[in-house]
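**Q** Dumping the structure here so I can ask a few things about it.
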Amino acid sequence: MKKHISNFYETIYRANAGKKHPVLTGKHLATELGYPGRALESIPAELWDDFLPCGNPLPYLDPARGDLLLNLGCGAGVDSLALMLDKSTGFRAVNLDIVFHVLSKTSKTAQAPTPASMPDRVCADAEALPFVRECFKWVILNGVLNLFSDKSRLISEISRVVASGGMVAGADLCRTAPLPAYFMDEPDAWAWCMSGALTEEELTASFASAGFERSAFEPQKLDEFFDRAVFVFEKK
Ligand SMILES: C[S@@+](CC[C@H](N)C(=O)[O-])C[C@H]1O[C@@H](n2cnc3c(N)ncnc32)[C@H](O)[C@@H]1O
């Protein structure tokens, strides 16, 4: 499944800009999700075309000068840039994705407020993060958690690299009803964050078992099976 998902996103990122997806994406979705006006005005169209979020966790992210932030499964890295444009606090961001192409493509178009604040880019698998213990104060996880069938492996790896008191702020689909069985065998439904969706209770329990306490959960009704949910967990 991991190979299918990385190939799936590589194909999307290699497609021509403006490609139509079966779900709402890009600047249109960012506007609906309340992304800040400054980001909507300043971030180039090429980056919005590759923006595939599940929600808007930005209101819960407040990095201070010197903080290190990891945008895990960053895609085009829009959340890191939007945050830099919104808060001029001098934090450092690391954009990580398993698809090299999107990191290399967006490095040509992404404009941080200053060249020195450009996020570092790392191509790696989220289940084997190439970082030392407890180095990040903030982690963004936007449309990424549901891609993993083994959530405990991913979350314990995140827990390893987050400092005590650090925050994971993310968004994903949350399941509000049992899914028909065919979802489990449909690779593209995994890649679109549907088949791997947890209920609110399962999500909270998964993070709790890796030492996190929930500090926010904001669901928004999507359809008969799913909410779009923004979630925030603090590492104790
Ligand atoms: C739904 S997209 C979200 C992208 C980005 N967070 C955004 O909001 O636009 C999921 C992203 O996770 C990345 N991804 C999938 N599996 C991954 C893995 N095992 N490790 C790191 N990134 C992964 C994909 O390449 C893709 O960029």
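The values are calculated or read from the model by the stated rules, or taken from the named source; none is laboratory data. Computed from a predicted model, the values in this text were never measured in an experiment. In case anyone asks, the SASA skips ligands and DNA or RNA and just uses the protein heavy atoms, side chains included. Shrake-Rupley method; radii C 1.70, N 1.55, O 1.52, S 1.80 Å.
**Q** If you wrap the range 12-63's Cα atoms in a convex hull and average its projection over all directions, what's the area in nm²? Spell out each step's value before the answer.
**A** Details: hull surface 16.4 nm².
In nm², the orientation-averaged hull projection of the range 12-63 is 4.1.
**Q** For HIS21, what accessible area in Å² do you get when you roll a 1.4 Å probe over the heavy atoms of the protein chains, rounding to the nearest 10?
**A** Its heavy atoms expose roughly 40 Å² to the probe.
**Q** Next question, about the same structure. Most mobile of GLY165, GLY143, GLY55 per a Gaussian network model of the chain (Cα springs, under 10 Å)?
**A** Ranking GLY165, GLY143, GLY55 by mean-square fluctuation puts GLY165 first.
**Q** Select from LEU222, LEU70, LEU47 the residue whose mean-square fluctuation is largest in a Gaussian network model of the chain (Cα-Cα springs shorter than 10 Å).
**A** Between LEU222, LEU70, LEU47, it is LEU222 that shows the largest mean-square fluctuation.
**Q** Please give the per residue accessible area of the range 2-235, computed with a probe of 1.4 Å over protein heavy atoms only, in Å².
**A** Working: 10330 Å² over 234 residues.
Per-residue accessible area for the range 2-235 comes out at 44 Å².
**Q** To continue, here is another question. If you build a Gaussian network model of the chain, linking Cα atoms that sit under 10 Å apart, which residue out of ASP125, ASP150, ASP97 swings the most?
**A** Highest fluctuation of the listed residues: ASP150.
**Q** Next question. Per 0.36 nm of contour for each residue apart, how much would the distance between LYS3 and GLU224 grow if the chain were fully extended, relative to their Cα-Cα spacing? Write out the running numbers ahead of the final one.
**A** On the way: separation 221, 0.36 × 221 = 79.56 nm, distance 2.94 nm.
Working it through step by step, the gained length comes to 76.6 nm.
**Q** Can you pull the Rg over Rh of the range 169-236, Cα-only, Kirkwood? Walk me through the intermediate numbers first.
**A** Details: Rg = 12.5 Å, Rh = 12.5 Å.
Value, to two decimals: 1.00.
**Q** Can I ask one more? Quote the convex hull volume per residue of the range 80-174, based on C-alpha atoms, as a whole number of Å³.
**A** Numbers: hull volume 11.1 nm³, N = 95.
Measuring per residue, one finds 117 Å³ for the Cα hull of the range 80-174.
**Q** Ordering LEU179, LEU61, LEU68 by accessible area with a probe of 1.4 Å, largest first, what comes out? Present the calculation step by step, with values, prior to reporting the outcome.
**A** On the way: LEU179 35, LEU61 0, LEU68 55 Å².
Reading off the accessible areas and sorting them downward yields LEU68, LEU179, LEU61.
**Q** Now for a separate question. Over the range 88-236, with every protein chain in place, what whole percent of the accessible area is carbon and sulfur at 1.4 Å, could you tell me?
**A** Values: 3560 of 6560 Å².
Carbon plus sulfur share of accessible area: 54 percent.
**Q** Based only on Cα atoms, what mean projected area does the convex hull of the range 2-235 have, in nm²?
**A** Details: hull surface 45.6 nm².
Averaged projected area of the range 2-235's Cα convex hull equals 11.4 nm².
**Q** While we're on this one: Going by accessible area, probe 1.4 Å, with all protein chains left in place, what is the ranking of TYR9, TYR60, largest first?
**A** Numbers: TYR9 30, TYR60 75 Å².
So the residues, ranked largest to smallest area, are TYR60, TYR9.
**Q** Calculate, in nm to one decimal, what ARG133 and HIS28 gain on full extension: separation in residues at 0.36 nm each, minus their alpha carbon distance.
**A** Values: separation 105, 0.36 × 105 = 37.80 nm, distance 3.74 nm.
Contour length minus the Cα-Cα distance gives 34.1 nm.
**Q** Quick one: accessible surface of ILE43, probe radius 1.4 Å, all protein chains present, in square angstrom to the nearest 10.
**A** Rounded to the nearest 10, the figure is 10 Å².
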